[in-house]
Amino acid sequence: MAGTLAAWLLLTGAALAQTPRIHLPVQQIDLGTIREGDIKPIEFTVENRGDADLVIIGARGDCGCTVVRLEDEQKVVPPGGSRTIRAEFNSTGRAQAGVQTKKIHVSTNDPSARTVDFTFAVQVVSLFRRTPTGVLRIMQVERGTTAGNALELMSGSIGLPVEVQSVEFTSPVPLAASVAPFDERGRSGQRVSLAVDDDAPLGTIETTLIVRMKVGDYQTREDVPLLGEVVGDLSFRPLVVDTTRKQTLRGQRLIPVSIKSSGGRPFVIQQAEAGPLLTVEVSRDRPDGSAYDVSLTVRDDAPDGPFGAMLRIHTDSLDQPLIEIPVYGRVAAAVAVEPPLVLLVDDGTPVGTRRLVRLQAARPQGGLDIVKVESSDPLVQVAIDESRRPAYDHLRYLSVALAGEVPPGRHEATITVATTVPAAEVVTIPVVFMRPGAE
């Protein structure tokens with residue numbers, strides 16, 4: 001018995017001694033100096049010097065600039081084996097003075113070292129800097145003028161001079177580019193300015209600037225997205241009135257349109273109209289007549305549902321005698337019905353033979369009173385459910401139920417509700433009723 005126990009203890013101790021042990025032959029490397037925007041590959045080895053499988057639970061960089069490529073088949077390292085871990089360092093936006101140190105954290109099932117770090121050093125240099133760093137926007141530029149926003153190209157972190165050699169556009173646009181040096185407020189470099197042609201069509205411009213440069217002895221290229229808008233004597237916002245995200249009540253104003261002269265000169269709005277669904281009101285935003293607000297209001301007799309219209313504004317501007325702005329919206333029902341269709345099934349259950357219908361006025365302050373309610377078919381019984389009369393005056397409920405045996409087939413009826421709500425004096429609710437199994 002003693003011998004058996006000793007053998008068991010020996011085997012148990014051996015099993016307990018079998019553990020993985022992680023080892024990194026190389027724990028840090030130097031990637032040297034790279035240019036901003038380069039993606040540098042990284043490789044390092046993970047060894048298992050234990051006597052049980054080493055499981056790599058995960059590996060991640062300490063910032064978003066480093067992405068580890070760890071496949072599932074690489075996650076188990078047998079005793080005495082090794083795995084090569086691959087990663088990438090993206091230097092975009094990482095240029096700065098001096099050497100940077102980054103880490104990759106490797107998590108495993110090694111009980112003595114749950115996480116080990118692989119470290120790499122790198123110096124990221126930029127040949128040049130540019131302003132703006134993203135899209136170059138030249139919004140609301142008059143024909144024959146130069147945009148206020150320009151592209152500025154300056155020396156990068158290594159201090160080499162920047163020389164712009166050419167500027168091109170990826171698509172035909174009514175723009176001319178000019179390059180000039182600048183030195184102001186402690187910043188110096190080359191500025192690319194954009195002028196709009198005298199005969200440029202009004203509207204938006206979307207293209208990409210291709211700027212070729214010489215930075216020290218390096219030849220490089222920068223692609224800059226460009227968005228702009230050519231305006232005439234007048235500019236206006238918004239370009240489209242879209243209120244479809246929410247329903248609009250009758251009598252409610254939509255988003256106003258603001259119109260102003262580009263050079264602060266006075267002008268006259270001679271007429272403005274937007275069709276039969278909307279009323280238009282023009283008011284001066286500035287006393288000198290250089291800016292106006294155009295307000296749109298949904299008419300009281302507008303029908304329920306979505307609508308589209310065109311706001312036409314006639315002015316004395318030679319450039320823009322007519323401004324057209326699309327208008328979209330949704331008119332809320334004066335009284336909303338839920339459900340919009342009542343389905344009744346003669347199956348002998350309360351669920352199938354009875355429904356509750358809710359009526360809600362769009363204007364809570366006006367209240368909702370039901371004057372009369374009736375059904376077009378005697379088999380469909382409808383009544384005001386006073387037991388559910390809520391605390392809100394703009395809500396009412398109807399009880400709809402089958403009043404007898406339904407003959408075979410599918411049948412239709414209509415509930416007519418007379419209310420006190422303007423534009424919804426008569427509300428109709430369709431009803432479908434049937435018997436299960438009827439053809």
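For segment 53-96, give me each residue that is of a type in the set (Val, Ile, Thr) and either under 16 Å from residue 117 (Cα atoms) or assigned to a strand (DSSP E or B) (or both).
Across segment 53-96, the qualifying residues are 55, 56, 57, 66, 67, 68, 76, 77, 84, 85.
From the list 215, 268, 241, pick out the single residue that is over 21 Å from residue 148 (Cβ atoms), exposed (fewer than 14 other Cβ atoms within 10 Å of the Cβ) and touching a residue at least 40 places away in the same chain (Cβ under 8 Å).
From the options 215, 268, 241, the qualifying one is 268.
For segment 180-204, name all the residues that are in contact with an Asp or Glu (Cβ under 9 Å, 6 or more places away or on another chain) and surrounded by fewer than 17 Cβ atoms within 10 Å (Cβ to Cβ).
Of everything in segment 180-204, those that are in contact with an Asp or Glu (Cβ under 9 Å, 6 or more places away or on another chain) and surrounded by fewer than 17 Cβ atoms within 10 Å (Cβ to Cβ) turn out to be 182, 187, 202, 203, 204.
Please state which one of 345, 327, 337, 294 is under 30 Å from residue 387 (Cα atoms) and under 34 Å from the mean Cα position of the chain (by Cα).
337
On the basis of being under 21 Å from residue 425 (Cβ atoms), assigned by TED's automatic domain parsing to the domain that holds residue 422, at pLDDT 95 or above and hydrophobic (A, V, I, L, M, F, W, C), does residue 400 make the cut?
It is true that residue 400 is under 21 Å from residue 425 (Cβ atoms), assigned by TED's automatic domain parsing to the domain that holds residue 422, at pLDDT 95 or above and hydrophobic (A, V, I, L, M, F, W, C).
What strands (runs of 3 or more DSSP E) lie completely within segment 142-243 and have 1 or more residues being closer than 30 Å to residue 127 by Cβ, touching a strand residue (DSSP E or B) at 6+ places or on another chain (Cβ under 7 Å) and of a type in the set (Val, Ile, Thr)?
So the answer is 162-169, 175-184, 187-196, 203-215, 218-231.
Which strands (runs of 3 or more DSSP E) does segment 311-379 wholly contain that include 2 or more residues that are β-branched (Val, Ile, Thr) and within 28 Å of residue 281 (Cβ to Cβ)? Break it down stepwise before answering.
Numbers: elements: 322-331, 335-338, 342-345, 354-361, 370-375.
Per the criteria, 322-331.
Could you pull out the residue among 362, 423 that is under 21 Å from residue 300 (Cβ atoms), crowded, with 16+ Cβ neighbours inside 10 Å and out of contact with any Leu (no Cβ under 9 Å at 6 or more places or on another chain)?
Matching residue, one of 362, 423: 423.
Suppose we keep only residues that are part of a loop (DSSP other than H, G, I, E, B) and hydroxyl-bearing (Ser, Thr, Tyr) within segment 102-132. Which one would you say is surrounded by the most Cβ atoms within 10 Å (Cβ to Cβ)?
Only one residue fits best here, namely 126.
With the requirement that a residue be loosely packed, with under 13 Cβ neighbours inside 10 Å, within 25 Å of residue 247 (Cβ to Cβ) and either of a type in the set (A, V, I, L, M) or in contact with a Ser or Thr (Cβ under 9 Å, 6 or more places away or on another chain) (or both), what does segment 372-398 give you?
The answer is 391, and nothing else.
The values are calculated or read from the model by the stated rules, or taken from the named source; none is laboratory data. What you see is a predicted model, and the numbers here were worked out from it, not measured in a lab. As a convention, Cβ positions derive from the backbone with ideal geometry for all residues, glycine included, and neighbour counts pool all protein chains shown.
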